[in-house]
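Structure, as structure tokens:
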Amino acid sequence: MTSLPIEELPPLIREDVEDFLETHPLSPAARLRPRMGLVEDIWLAFIGPKLRTGTSGLGSTPRDALEDFNQHFMEPLISSNGSEPH
């Protein structure tokens with residue numbers, strides 16, 4: 001898998017990703033700007049050296065991967081301490 005920082009994505013994809021991040025400025029994806037990758041036809045958004053639950057998102061488009069990233073960010077920490085997000 002090849003992954004790229006958002007700034008190095010092809011222009012049309014980068015514009016779409018940047019638009020999503022501007023629309024959701026307080027989201028984990030906007031604050032952390034995860035790397036983006038593509039495996040076959042699945043887009044990945046992730047931080048860190050490898051894919052892990054709570055630091056990655058998957059989707060059929062870059063936006064879907066970012067939405068999944070936002071929904072699942074830090075999920076293992078939340079479930080491990082018994083708290084739920086508000």
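Share of carbon and sulfur in the accessible area of the chain stands at 55%, probe radius 1.4 Å. Across the range 48-59, computed HN-Hα scalar couplings (Karplus, 6.51 cos²θ - 1.76 cosθ + 1.60, θ = phi - 60°) run x, x, 8, 6, 9, 4, x, 10, 8, x, 10, x Hz from first to last residue, x flagging Gly and Pro.
Add -39500 (n - 2.57) for each DSSP H run of 4 or more in the chain, then divide by its residues: what number comes out at 222 nm, to the nearest 500 deg cm²/dmol? The per-residue figure over the chain is -11500 deg cm²/dmol. Helix 62-72 axis versus longest C-alpha principal axis of the chain: approximately 10°, rounded to the nearest ten.
Remark: the chain carries 64 Å² of accessible area per residue (probe radius 1.4 Å; ligands, DNA and RNA excluded).
For the chain, the longest principal axis of the alpha carbon atoms and the long axis of helix 11-23 meet at an angle near 30°.
The values are calculated or read from the model by the stated rules, or taken from the named source; none is laboratory data. Keep in mind that this is a model prediction, so the values were computed, not measured. Heads up: the accessible areas ignore ligands, DNA and RNA and are worked out on the full protein's heavy atoms, side chains in. Shrake-Rupley method; radii C 1.70, N 1.55, O 1.52, S 1.80 Å.
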